[in-house]
Each structure stands twice: as C-alpha cells, then as structure tokens.
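Shown next, in structure tokens, is the structure this report addresses.
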Amino acid sequence: MLTVRNLSVYYGPVRGVEQVDLDLPDGGAVCLLGPNGAGKSSTLRAISGLVPYRGRIEFDGQALDRLTPDAIARRGLIHVPEGRRVFPGLSVHENLQVGMSANVSGRPGHSMDDVYQLFPTLARLRKRGGWALSGGEQQMVAIGRGLMGAPRLLVLDEPSLGLSPLVTGEVFDALREIARNLTILIVEQNTARALALCAFAYVMSGGRIVLSGTSAEIGERESLLKSFLGRKE
C-alpha cells in the first residue's frame, strides 16, 4: 500500500531524515520506533506532504510528490498529528464531523456510531466543547476525526503522549480494533504497546532506519533495541 524509497528531509542545512526505505502492506499495523529527534515525525510529515522531501513516496502505486496535503488526505491517507489539534470552539460531535471533509469520494469507512462505539467516553461527551476536554478525550477525538475521513491508511504520531496508563490502554484497545480492518502506521514512544499492536516494526536513530523486522523479532532483540532507544538496562 505504501512504498517509501530513499526518503530524505532537510530543514535548511540540518538533516532530519536520510535515505529511509519503508514498506507497508495492505492491512495490519506497522510501527516506527526511536528516540526523540530520530526523524520519526519528519518521516510521517513527508509521507503526508507536510514537509518538502527528496526521494519517492508511493501510495497505492501512485507517487505523492506532486500532491498537496489535502489531496493526499482525500485519497485516503489520513494523518493524526502529535498534539491532537482539536478545534476548541467546536463540540466533540462537530469535531468529528470535520473529518468527513476528507472523504469526497464517498469511500466506505467508519460512521459516527462506529466512532462512538470505539470510544464510549466520546458518546457521553458529544455536546462538550473541545476546550473542555482532557488530553485523553482530545486524543480520542483526534483519532475519531481521522476515521471519519474513511482512511485507507491511518498515520498516527505519538497517540499515547501525555496520557495516563489507563487512558493509554483505552486508546490502544481501540487501535487494536481499528487495525483489524484498516492499515495503520504509528509512531509511538511506548515500545511495548506499539510492538503488541503491530506486526512489523522499524527503528530509527539519527534520521536513518537502523533495525527492522517483525515485532516478535524486534522484541527478542531487547538489548539492542534499548541501545537504539537510548535506554539503559
């Protein structure tokens, strides 16, 4: 579904990503792991057309380099960015409705009822303004809004960032359900959660892919993984 070849991202003279290759099959979940500053978010932003890049990115066989971010989203590649970016002046229900604007072709996807079933908390808060939501509730809205665009590929940047363990569990329970019928690419600092969700993992360090394999293979190389993530035994 997604092919990335020789991807490089520069911010002026500073290299954020260098010669990254990724492959995502149609279906299931793939995670991108690595320490802060490894280039993970820059990779996602390049895939979504949010930053200039060198290299080639193809989604469903079509090159994305000449498409704007909104055109990429309308083709079914939906990015849920770090920071949630909920509209504070809109209610939960209205925030979710905004996501429907990406589905101009009428692709089948998640309905409003589907989103409320995935996140029962939102069903109880559907009239509450975005400004009054907790961080976890905002994250649920952000993911739900992405689903309302009927994605074929859902790209998630740090969905558990700043969330309590309890809320993180709720979010990942929903993502596990979503991954049954939808392809997911996720950047996540919670390595254990990410590997439990995903079938395949890439590890980035210094803007490059330094390790890749099935989640089981990556999990078995725990010491090496910790060294790339900057963690001590």
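Annotations for the structure displayed:
- Segment 145-189: trypsin sites (Lys or Arg not before Pro) in DSSP coil with no more than 10 other Cβ atoms inside 10 Å: Arg180
- With the convex hull constructed from alpha-carbon coordinates only, the chain shows a mean projected area of 12.4 nm² over all directions.
- When the square roots of the Cα gyration tensor eigenvalues are ordered a ≥ b ≥ c, the ratio a/c for segment 1-128 is 1.5 or more and a/b exceeds b/c, which makes its shape prolate.
- Think of the chain as having a plus end and a minus end, set by charges on the Cβ of Lys, Arg, Asp and Glu; of Gly213, Leu229, Ser105, Ser105 sits farthest toward the positive end of this dipole.
- Relative contact order of segment 2-229, pairs being alpha-carbon contacts under 8 Å that are 6 or more residues apart, as %: 28
- Over segment 66-138, the pair-distance histogram of Cα-Cα distances with 5 Å bins from zero comes to 3, 15, 23, 24, 19, 11, 4, 1, 0 percent, rounded to whole numbers.
- What you get for the chain, charging only the Cβ of Lys and Arg (+1) and of Asp and Glu (-1), is a dipole of about 480 debye around the Cα centre.
No lab work stands behind these numbers, since they all come straight from the coordinates. Given the structure is predicted, the values throughout are model-derived calculations rather than measurements. Every residue, glycine among them, receives a Cβ derived from its backbone with ideal geometry; neighbour counts consider all protein chains shown.
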